[in-house]
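Colleague: Have a look at this one.
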Amino acid sequence: MLRPYIANENNPHMHPAGEEWRGEKLYDFRFYELEIVSYSLPLAVFRWDTYARNDSFHRHCDFYELVLVYRGSARNDNGTGRLETVTVGNVFLLPPGSIHRYQAIHEFAHFNILFRPELLNQVRFDLEELPGFQTLFRSFGAAGDPAAVSPCLFLPETEMANVMLMLEECRRELDELEPGFQSAAVASFLRALTAICRRARVQGGRGDESSFRISRVVEQLNSRYPEGFNVPQMAKLAGMSASNFRHRFSEVMGVSPVEYLTRLRLKMAAPLLTTPENITNIAFRVGFEDSNYFARQFRKYAGLTPTEFRRRFSNGEITLQELDTRLFVLPRSQPENRV
């Protein structure tokens, strides 16, 4: 087990970045430089019953950090001047490239779940349909934004106890290395993440509440994507005006509501394109009323036409996971498209 990491030259896992962050020395922290028991699994779980008080700014170079606070409090400082207090029951996510430190620490005890992006790409399954997943993983600014952090969620005490048990199971599997530990550790991690995404709720101001409303709409779109949604209908589901919904959706998700739905439908069409089914029928099945428009949008976001994808897939030149990655990574807002 690692000791609570302190960002300074005495910590072998922290390396001076050769630059400053907001006028202070910055350290780099890389996942595979941790003293963990297995380098074959991009997942590590640590439980800190105490936390060092002399932390400095450090950057998460290549991993997500999911934080669950189970005792005490601290102020999360990303160097922007806005310090957010985190306390018992709070859950938040720091993405790769983010920079932060803790200040005003008081009996701060928490879990750190560190994982590289490829783990989430391989095992997310239907997690992205849950409101909590959208709030945690879709609320950053531009990719690699050093000041990025998810909204802070709150997990009720009874739920937190269950999640802590799952995380302890994961930590034990990673420590004991019994046969099958990798599968068992990932299973426990997924159970904990699913419970968080199901049960945790936003807290705080109006911005947090609107983010959760957006995530509930995304959940509906993910399960009802073939239906003829338009922006006023989506706004009604969120309980917001159309203009406010369009603005907040773009802020939270990084793209307009229409673009998100378009990408989602294309993603759902991809597995169908690996079958002999007629492309026009596939377009209709996922919610497009015009197969030519479907083909244009597929090429726009996937970089190749449906026919080209079908051929390249048959030849083993591209996988569904590779295509899904193109459609899953959302840029910042673009002009809306016709659906």
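Colleague: Which of the residues that make up region 265-291 are within 21 Å of R216 (Cα to Cα), open to solvent by 10 Å² or more (accessible area, probe 1.4 Å) and in a helix (DSSP H, G or I)?
Modeller: Scanning region 265-291 gives K267, M268.
Colleague: Considering only region 76-103, state which residues are charged (D, E, K, R) and without any contact (Cβ under 8 Å) to a residue 60 or more places away in the chain.
Modeller: Start the filter on region 76-103 by keeping residues that are charged (D, E, K, R), which leaves 77, 82, 84, 101.
Answer for region 76-103, where residues must be charged (D, E, K, R) and without any contact (Cβ under 8 Å) to a residue 60 or more places away in the chain: D77, R82.
Colleague: Please find, within region 57-69, the residue that is nearest to E168 (Cα to Cα) out of those that are open to solvent by 10 Å² or more (accessible area, probe 1.4 Å) and part of a strand (DSSP E or B).
Modeller: Y64
Colleague: Please verify whether region 221-236 includes one or more residues that are of a type in the set (D, E), closer than 25 Å to D126 by Cα and either open to solvent by less than 50 Å² (accessible area, probe 1.4 Å) or at pLDDT below 90 (or both). Let's see the steps before the verdict.
Modeller: The initial filter retains those residues of region 221-236 that are of a type in the set (D, E), namely 227.
Then drop every residue that is not closer than 25 Å to D126 by Cα, which leaves 227.
Then drop every residue that is not either open to solvent by less than 50 Å² (accessible area, probe 1.4 Å) or at pLDDT below 90 (or both), which leaves none.
Scanning region 221-236, I find no residue that is of a type in the set (D, E), closer than 25 Å to D126 by Cα and either open to solvent by less than 50 Å² (accessible area, probe 1.4 Å) or at pLDDT below 90 (or both), so the answer is no.
Colleague: Yes or no: region 82-91 includes at least one residue that is within 13 Å of the chain's Cα centre (by Cα), crowded, with 21+ Cβ neighbours inside 10 Å and under 23 Å from E219 (Cα atoms).
Modeller: First, the residues of region 82-91 that are within 13 Å of the chain's Cα centre (by Cα): 91.
Imposing the further condition that a residue be crowded, with 21+ Cβ neighbours inside 10 Å reduces the set to 91.
Retained after the next criterion (residues that are under 23 Å from E219 (Cα atoms)): 91.
There is at least one residue in region 82-91 that is within 13 Å of the chain's Cα centre (by Cα), crowded, with 21+ Cβ neighbours inside 10 Å and under 23 Å from E219 (Cα atoms).
Colleague: Residues in region 239-250 that are open to solvent by less than 60 Å² (accessible area, probe 1.4 Å) and either outside any helix (DSSP H, G or I) or at pLDDT 90 or above (or both): how many? Lay out the reasoning, then the answer.
Modeller: Going residue by residue through region 239-250, those that are open to solvent by less than 60 Å² (accessible area, probe 1.4 Å) are 239-240, 242, 245, 248-250.
Now narrow it down to the ones that are either outside any helix (DSSP H, G or I) or at pLDDT 90 or above (or both): 239-240, 242, 245.
Looking only at that region, the number is 4.
To keep it simple, each residue is scored yes or no on (1) crowded, with 20+ Cβ neighbours inside 10 Å; (2) among the hydrophobic types (A, V, I, L, M, F, W, C); (3) free of Cβ contacts under 8 Å to residues at least 12 places away in the same chain; (4) out of contact with any Gly (no Cβ under 7 Å at 6 or more places or on another chain).
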| residue | (1), (2), (3), (4) |
| --- | --- |
| P42 | yes, no, no, yes |
| D55 | yes, no, no, yes |
| R71 | no, no, no, yes |
| A74 | yes, yes, no, yes |
| I105 | no, yes, no, yes |
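Colleague: Name the residues in region 293-316 that are open to solvent by less than 30 Å² (accessible area, probe 1.4 Å) and either of a type in the set (F, W, Y) or in a helix (DSSP H, G or I) (or both), would you?
Modeller: Correct list: Y293, F294, Q297, F298, Y301, A302, P306, F309.
The values are calculated or read from the model by the stated rules, or taken from the named source; none is laboratory data. Keep in mind that this is a model prediction, so the values were computed, not measured. Here Cβ is always computed from backbone atoms with ideal geometry, including for glycine, and neighbour counts include all displayed protein chains. Areas reflect the complete protein model, heavy atoms only, side chains present, ligands, DNA and RNA absent. Shrake-Rupley method; radii C 1.70, N 1.55, O 1.52, S 1.80 Å.
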